[in-house]
Number of protein chains: 2
Amino acid sequence: MREPSPEIEPRFEPGDEGSEFDRALSAPELLEGWTIGNAVNGGFAMARLAAGLHPLLDADGGHPDCLALSAYFLSAARPGPYAVEPDVVRIGRTISTGQVSLWQEDDGARVERIRALATFGDLAAMSDPVRRQAPPPRMPPPHECVGLDDVPGESPVPFPPLMHRVELRLDPATAMWAVGQPSRQGRMRGWVRFADGRPADPLSLLFFLDALPPVAFDLGLMGWAPTLEFSGHVRAAPAPGWLQVELATDNFAATLLEEDARIWDSTGRLVAQSRQLAAVRIPKS
Amino acid sequence: MREPSPEIEPRFEPGDEGSEFDRALSAPELLEGWTIGNAVNGGFAMARLAAGLHPLLDADGGHPDCLALSAYFLSAARPGPYAVEPDVVRIGRTISTGQVSLWQEDDGARVERIRALATFGDLAAMSDPVRRQAPPPRMPPPHECVGLDDVPGESPVPFPPLMHRVELRLDPATAMWAVGQPSRQGRMRGWVRFADGRPADPLSLLFFLDALPPVAFDLGLMGWAPTLEFSGHVRAAPAPGWLQVELATDNFAATLLEEDARIWDSTGRLVAQSRQLAAVRIPKS
């Protein structure tokens, strides 16, 4: 293990406009830094889609937050130029709904990468009081969890650029896939935050819901696990500090499994959850 | 308790074209018989949307089954005339994706009730082998569970027409809300099948995922719980016989809660699961 890092490092100046995440959201291209393999991370893409809907659904300033987003992944988004096309579906009093697509040129053709539906509202008015919630998982504190630097020798999978955008510290009990000994429980737990210290906000929770390695790694399936469908709910604005994420899968048949993600903030409040249907490649035995 | 019914009653002749569900799917109007309160049941509406997409996404006969559907509920669908407008998003080799809306006239205006995205594939090729799955919940057999007829005296809520389309037998441990004593565990379990004996198939699982009373009843919240967003996954074609359904909610803040549904068939296989984000009305205390 490397030197323990303090539980909360206020490295990010609130006046600073230039977090990696915000720069990437406003860049005219999808950036290499947010990829896994050759594909742009789905969580980043979903945050970008929600950011594209925001001006349409929050025109009156009353619906600033994406409460729910369902994305269908049609083809892998690549680094490079892209277009986001948002549309209003319905503007309502307490919530508004929109549709949004991400397009790219591919071999001269215009190709749709992702289509999503999403509903916006005002979390400040829709997240309190907490009447019941799933408790955060028991796991060691961040400095007793394992970071990328802790993996001994050669990792069985190369670390994608995305993993340098976040600081991720996995519960050792669910990190043994990194040394070829997956727990096979279908669970992954970890602490996560932006590497540059940008505080998490409701929009970035859509990213963090899909920022960990696939839960399939814990079943010993180390290949890429493309998402077919992803639906996330943002339930509250996160408090500053580490986020605690737990991934779980319980149903895996043929090549399809669900990946459930839940995020708690540093106060132990559940702030977001999601389910995705993903496909894995089964090695021939 | 009434006379126990046999575990499986083969009352429905396979040659029969006229099940209530199939007639309702092909009717030019949304039927009163599938309503709760004054609104058409969301599960029926989702099955109808998937049925509307089917000809477009299964044009080659290779993608007969809706694997995933995400529906955003915009305004309550009412009994009466309606239009379903399906569109192709992407035709692929193993899966195809579409978008579909349900529209009605309302006060002279054309109003969108639901918009959904959905992916179709071939469950025959995508559901075996089962590599891991959540076990069905422990609960008494159907004849030891409680049906609508078992509720003593006046029910605290009137039984909506929908409840006559299905035979529903709830685990007594999660049915006490019907006599004003909710368990407050946020759970509801029951056996369900079509009242006229029509066998369940993959399409009808979209209906059954939303056919039970709201899980909010088990928290003592007996009002209507409108769905904002619903995403369901169909994982396998169900075997004949009773379906076992479990609803759960663990996160409830302000007026929003998730409702997770899982369905197992009569062999104990998990065949579908869903999550919805629903709003409840909190009584003033």
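Every read-out reported here was derived from the displayed coordinates using simple, explicitly stated rules and does not represent laboratory data. Everything quoted here is computed from the prediction, not taken from an experiment. Glycine also receives a Cβ, built like all others from the backbone with ideal geometry; neighbour counts cover every protein chain displayed.
Work out, step by step, the length gained on full extension between A:K284 and A:R23: first 0.36 nm times the residue separation, then minus their alpha carbon distance; give nm to one decimal. Please list the in-between numbers first.
Values: separation 261, 0.36 × 261 = 93.96 nm, distance 4.18 nm.
Once the chain is fully extended between A:K284 and A:R23, it gains 89.8 nm.
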Candidates A:L205, A:L257, A:L170; GNM for chain A (alpha-carbon contacts under 10 Å) flags as most fluctuating A:L257
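Give me the mean projected area, in nm² to one decimal, of the convex hull enclosing the Cα positions of chain B. Mind dumping the intermediate values first?
Working: hull surface 63.2 nm².
Hull-based average projected area comes out at 15.8 nm².
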What Kirkwood hydrodynamic radius, in Å, does region A:94-151 give when the mean of 1/r is taken over all pairs of distinct Cα atoms and then inverted?
16.9 Å
Sort the following peptides by mean Cβ neighbour count (other Cβ atoms within 10 Å, averaged over residues), highest first: A:20-26, B:193-199, A:269-275.
A:269-275, B:193-199, A:20-26
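Across peptide A:106-116, what mean number of C-beta atoms from other chains lies inside 10 Å of a residue's C-beta? Intermediate results must be reported in sequence, preceding the final value.
Numbers: counts 0, 0, 0, 0, 0, 1, 3, 1, 0, 6, 2.
Per residue, the number of nearby Cβ atoms from other chains is 1 on average.
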Per residue Cα convex hull volume for region A:42-93, in cubic angstrom?
95 Å³
What are the nm distances, shortest first, from B:G92 to its equivalents in the other copies, labels at 7 Å along Cα→Cβ?
3.0
Looking at chain B as a GNM with Cα springs under 10 Å, which of B:H63, B:H54, B:H143 has the largest mean-square fluctuation?
B:H143
Using modelled amide H (1.01 Å from N, peptide plane; none on Pro or chain starts), what sits under 5 Å from the amide H of B:L228, excluding residues fewer than 5 places away?
B:L277, B:A278, B:A279
In a Debye calculation with equal point scatterers on the alpha-carbon sites of the protein assembly as shown and no solvent, what is log10 I(q)/I(0) at q = 0.10, 0.12 Å⁻¹?
-0.83, -1.22
So for R0 = 22 Å, FRET eff. of A:T267-A:E144 from the Cβ-Cβ r, to 0.05, ends up at 0.65
In nm, one decimal, shortest first: how far is the label point of B:E105 (7 Å from Cα along Cα to beta carbon) from the matching points in the other copies?
4.7
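From Cα pairs below 8 angstrom and at least 6 apart in sequence, can you work out the relative contact order of chain A, rounded to a whole percent?
19 percent
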Given label points at 7 Å from Cα along Cα→Cβ, what nm distances, shortest first, separate A:E32 from the same residue in every other copy?
6.7
Sequence order, region B:242-255: Karplus ³J(HN,Hα) from phi using 6.51 cos²θ - 1.76 cosθ + 1.60, θ = phi - 60°, Hz rounded, Gly and Pro as x, gives 4, 9, 10, 10, 10, 9, 8, 9, 10, 10, 9, 9, 6, 10
